[in-house]
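The structure appears right after this line, and notes come after that.
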Amino acid sequence: MLQGRHGSIEVVYVAHVPSVDMMSADALVQVEADFDQIEKELRACAAAQLDGRGSVWDFQRRQGLIAAELIAAASAIIAAHPGDTVVIVVGSSSHASHRVLGSVAVGLARHCPVPVVIVP
């Protein structure tokens, strides 16, 4: 999410496990370890791309339904910084049921109160 015209960039990673109640304790531990590794890699990638370019950025991890959590993060930014422009930038997925955009992108485009940029 981008905040402000020359403002900050908020990198939001949403971890989603749809059927937690059906997983064993060992599987849950492995899933959490995988999410930790993904978060570590995303933080490193964001740092490599954004540090030294004058950009102020922050990283947050959320858990839940991806589109809903991204909308909640945008709403929190709007509440904390009224008057700033917030835009969600999300990638599409060729693995989703919606081949053109992906289910998260479609959900955001339909329900998000802020502009959404979908990158193929």
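Can you check what the net charge comes to around Arg43, using other residues whose Cβ is under 14 Å from the Cβ of Arg43 (Lys, Arg +1; Asp, Glu -1)?
Values: positive: Lys40, Arg61; negative: Glu10, Asp36, Glu39, Glu41, Asp51, Asp58.
Here the charged neighbours net out to -4.
How much length is gained on full extension from Ala47 to Met22, taking 0.36 nm per residue of separation minus their Cα-Cα distance? Show your work: numbers first, answer last.
Details: separation 25, 0.36 × 25 = 9.00 nm, distance 3.57 nm.
Between Ala47 and Met22, full extension yields 5.4 nm more.
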Using a 10 Å cut-off around each Cβ, can you sort Asp84, Asp51 from fewest to most neighbouring Cβ atoms?
Asp51, Asp84
For Thr85, the residues 5 or more places away or on another chain with a placed amide H closer than 5 Å to its own amide H are Gly4, Arg5
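Give, in nm to one decimal, the length gained when the segment between Val31 and Ala68 is fully stretched (0.36 nm per residue of separation minus the Cα-Cα distance). Each step should come with its number before you reach the end.
On the way: separation 37, 0.36 × 37 = 13.32 nm, distance 2.07 nm.
The Val31-Ala68 span can extend by a further 11.2 nm.
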Give the long-range amide H neighbours of Val14: residues separated by 5 or more places, or on another chain, with amide H under 5 Å away, using H modelled in the peptide plane at 1.01 Å from N.
Arg62
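A short reminder: the numbers here are calculations on the coordinates, not readings from a lab. These figures come from a predicted structure and were not determined experimentally. Reconstructed Cβ throughout: ideal geometry from the backbone, glycine too, with neighbour counts over all protein chains shown.
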